[in-house]
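Have a look at the structure below, then the notes.
The values are calculated or read from the model by the stated rules, or taken from the named source; none is laboratory data. Predicted, not measured: the structure shown is a model, and the values here were computed from it. Heads up, the Cβs are rebuilt from the backbone with ideal geometry, glycines too, and the neighbour counts pull from every protein chain shown.
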Amino acid sequence: MTIQKLQTLLINQIAAGEVVDRPASIVKELVENAIDAGSTRIEIQLEHGGKDLIRVSDNGIGISPSELELAVTPHATSKISEEADLAAIASLGFRGEALASIGSISHLMLKSRRTDDESGMQIEVDGGEMAKTKPVAASVGTAVEVKRLFFNTPARRKFLKSDGAETTRVRDVVQRLAASHHDIAFVLRSGDKTLLEFQQANSKERILSIFGQELDGELIEVDGNIQGVTLWGLVGKPSVARPTSRHIRVHVNGRSIADSSITHALKEAYRGFIEPKRWPTAALFLEMEPSLVDVNVHPQKSEVRFSDRDSIWRLVNKTISGALAKEDIVPAYVPGVHMPSVGGHGMQVEFGSGSSPSFSVEQARRAVAGIELPTPSTPLPTIMGPDAVMQVQKCFLVTQDEQGILIIDQHALHERIMFEEFSKRIAKGNLESQRMLVPDAFEADSGQLESLETHAALFEKLGIDASASGPASISVYALPTLLVSRNVKGGKFIRELLDKLGTSDFPSSEEEALSAVLDMMSCKAAIKAGDYLNPQELADLLQKRKEIERSSSCPHGRPTTMRLSIEELEKRFGRR
């Protein structure tokens, strides 16, 4: 093949592939331009997820009529003029290729008017073909319309997801930009529905409006600086940690970015406060001289390179660690009160939470007579029935078999039991479902809404009835009967399930995905470490252990039972 120079249109379409891969990336570029223009209000309108229409309107400074053609010309920008400018970029948009690239794969209309102009000016670009400018009536500011996205590159259009999925991606982009520009009002509409509406506010108010008002009182303010770099942000208490990193937002000089070093510093600050597989909730804002960060390392400007990465890591880690250390984040524990069980089938002694140890017959008679007995300061194990079993620290069960002493993790065992029960029922068809008396609603982000739509068939199979009940909320109407019987909270469970479904490492095959969800359901429904078990519950648990297969390990492979053999005991006590 011979080497040849590409045509301008083809060059622009290739550039569009780097800058514009879906409606959300177009919205990002256009909104960033509106922010750079000094706007105080930005409105976004979508039709069919942005495939048929994207309109971004602002009240910024506008574009000079004589520069309208340049605005849609490749590599033309007002934000940099010489090589030195690249080392200190202070604006969000600066490459000068977005409008030209968008115009090459859509029908683009750009209309703008400055404060002193008598009328606005408009230019259209259709698949890279530029029309002449013409005067039009226009408000002060700029409006950009993008129609028929990818009409001349159908291969790209077919890779777009459903209208709802593309809309939620746009919603996420707008939220990220709104988070770091609280002094700008944002409105996002899809069709005739308003999906987002942020009024001008302070930083904390804006973050709460994005993360959800239920986090008010659950966020800790962090503030620090080092060598000309300042950090401000809000981080969640350990109690609001999430199963994925989706609720971590990082912004550098007003730009939303992804940075593994900052995320690692944040996660390390929470070491020992949250489980290793959970992630903190955080919105972090870093401000520094533009020369200290290179934003020109990614086509979509979503990643940056710091001149001193280690210093940034230490600033984030130490600031957040210090803030957590000052907080009283140890949850309060109020023990329940359980009276001893005294029946007519012989003495059954319970050592559960708040119960009394080693009752004599006389003490039992006094208890039945209504005489109050002192509550011991330390709960002791439970002993019951002919198959002696003890509940130790409300976590482990100790019993015996022919070979020695068995020590059982009550949660791990019950998790295996629940998993086998779920698997047996789902093999016969969809799980039996139970309607909730009152729907459980919760605020949802774009990723959760997308997961809800994407995995609708899976939810039906699981016996879950949940749907979007607003532009930023989901309501749960029914849950599998087994979950309801175990008092699993619908909203909390579905929120975490949607978070897991939205992660990149979630199994792609239907069978693996179903197994992974059943794992999660089993864990949520299972008896927990710290749960007191009465004699009947202990008996049922041990009986089911004998009935199910693979009872020696939980669904995750963790052992449910350990045995201390007679031989080992004899060795330890010097009998061998």
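Could you list, in sequence order, all residues of segment 535-566 that are free of Cβ contacts under 8 Å to residues at least 24 places away in the same chain and assigned to a helix (DSSP H, G or I)?
Filtering segment 535-566 for residues free of Cβ contacts under 8 Å to residues at least 24 places away in the same chain gives 536-537, 540, 543, 546-547, 552, 557.
Residues satisfying the conditions are GLN536, GLU537, ASP540, GLN543, LYS546, GLU547.
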### Message
Give all pairs with beta carbons closer than 7 Å in which a residue from segment 406-422 that is buried (at least 20 other Cβ atoms within 10 Å of the Cβ) meets a residue that is of a type in the set (Ser, Thr, Tyr) and modelled with pLDDT of 90 or more; count only pairs at least 6 apart in sequence or on separate chains.
### Response
GLU415/SER522; MET418/SER522; PHE419/SER522; PHE422/SER522
#### Entry: Single residue of segment 527-550 satisfying the filter (closer than 20 Å to ALA388 by Cα and within 33 Å of the chain's Cα centre (by Cα)) that is surrounded by the fewest Cβ atoms within 10 Å (Cβ to Cβ)
ASP531
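Can you tell which of LEU482, LEU497, LEU501 is touching a His at 6+ places or on another chain (Cβ under 6 Å) and either modelled with pLDDT under 90 or not aromatic (Phe, Trp, Tyr) (or both)?
Values: LEU482 fails: touching a His at 6+ places or on another chain (Cβ under 6 Å); LEU497 fails: touching a His at 6+ places or on another chain (Cβ under 6 Å).
That would be LEU501, the only listed residue that is touching a His at 6+ places or on another chain (Cβ under 6 Å) and either modelled with pLDDT under 90 or not aromatic (Phe, Trp, Tyr) (or both).
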#### Entry: Among the residues listed as LEU219, LEU195, LEU149, LEU177, the single one being within 21 Å of ILE320 (Cα to Cα) and buried (at least 18 other Cβ atoms within 10 Å of the Cβ)
LEU219
### Task
Please identify the pairs in which a residue from segment 177-197 that is closer than 17 Å to ILE257 by Cα has its Cβ atom under 9 Å from the Cβ atom of a residue that is crowded, with 17+ Cβ neighbours inside 10 Å and among the acidic types (Asp, Glu), counting only partners at least 6 apart or on another chain.
LEU177/GLU32
### Task
Please specify each residue of segment 437-471 satisfying the condition of being among the aromatic types (Phe, Trp, Tyr) and closer than 25 Å to GLU510 by Cβ.
PHE459
### Summary
Within segment 278-306, of all residues that are at pLDDT 80 or above and exposed (fewer than 14 other Cβ atoms within 10 Å of the Cβ), the one farthest from the chain's Cα centre (by Cα) is SER291
### Task
Kindly indicate whether any position in segment 453-468 is under 13 Å from LEU483 (Cβ atoms) and β-branched (Val, Ile, Thr).
yes
### Message
Give all pairs with beta carbons closer than 7 Å in which a residue from segment 448-469 that is on the phi > 0 side of the Ramachandran plot meets a residue that is surrounded by fewer than 16 Cβ atoms within 10 Å (Cβ to Cβ) and not in a helix (DSSP H, G or I); count only pairs at least 6 apart in sequence or on separate chains.
### Response
GLY463/ASN430; GLY463/GLU432
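Give the residue that is surrounded by the most Cβ atoms within 10 Å (Cβ to Cβ), with candidates limited to residues of segment 198-215 that are part of a loop (DSSP other than H, G, I, E, B) and at negative phi.
The qualifying residue surrounded by the most Cβ atoms within 10 Å (Cβ to Cβ) is ALA201.
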### Message
Restricting to segment 394-405, count the residues that are surrounded by 18 or more Cβ atoms within 10 Å (Cβ to Cβ) and closer than 20 Å to LYS524 by Cβ.
### Response
1
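Conditions (1) farther than 20 Å from ASP308 by Cβ; (2) among the basic types (Lys, Arg); (3) touching a residue at least 40 places away in the same chain (Cβ under 8 Å); (4) not assigned by TED's automatic domain parsing to the domain that holds LYS28, marked per residue:
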| residue | (1), (2), (3), (4) |
| --- | --- |
| LEU231 | no, no, yes, yes |
| ARG242 | yes, yes, yes, yes |
| ILE248 | yes, no, no, yes |
| HIS251 | no, no, yes, yes |
| ARG255 | no, yes, yes, yes |
| SER261 | no, no, yes, yes |
| HIS264 | no, no, yes, yes |
| LYS267 | yes, yes, no, yes |
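Is it true that ALA138 is touching a residue at least 12 places away in the same chain (Cβ under 8 Å), of a type in the set (A, V, I, L, M), part of a loop (DSSP other than H, G, I, E, B) and closer than 23 Å to ILE42 by Cα?
Numbers: touching a residue at least 12 places away in the same chain (Cβ under 8 Å): yes; of a type in the set (A, V, I, L, M): yes; part of a loop (DSSP other than H, G, I, E, B): yes; closer than 23 Å to ILE42 by Cα: yes.
Yes: the conditions hold for ALA138.
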### Task
For HIS251, state whether it is buried (at least 17 other Cβ atoms within 10 Å of the Cβ) and either assigned to a loop (DSSP other than H, G, I, E, B) or modelled with pLDDT under 95 (or both).
yes
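Can we say ALA478 is at negative phi, among the aliphatic types (A, V, I, L, M) and surrounded by fewer than 16 Cβ atoms within 10 Å (Cβ to Cβ)?
On the way: at negative phi: yes; among the aliphatic types (A, V, I, L, M): yes; surrounded by fewer than 16 Cβ atoms within 10 Å (Cβ to Cβ): no.
So ALA478 fails the test.
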### Test set (1) in a strand (DSSP E or B); (2) closer than 21 Å to GLU32 by Cβ - LEU177 fails condition number
(1)
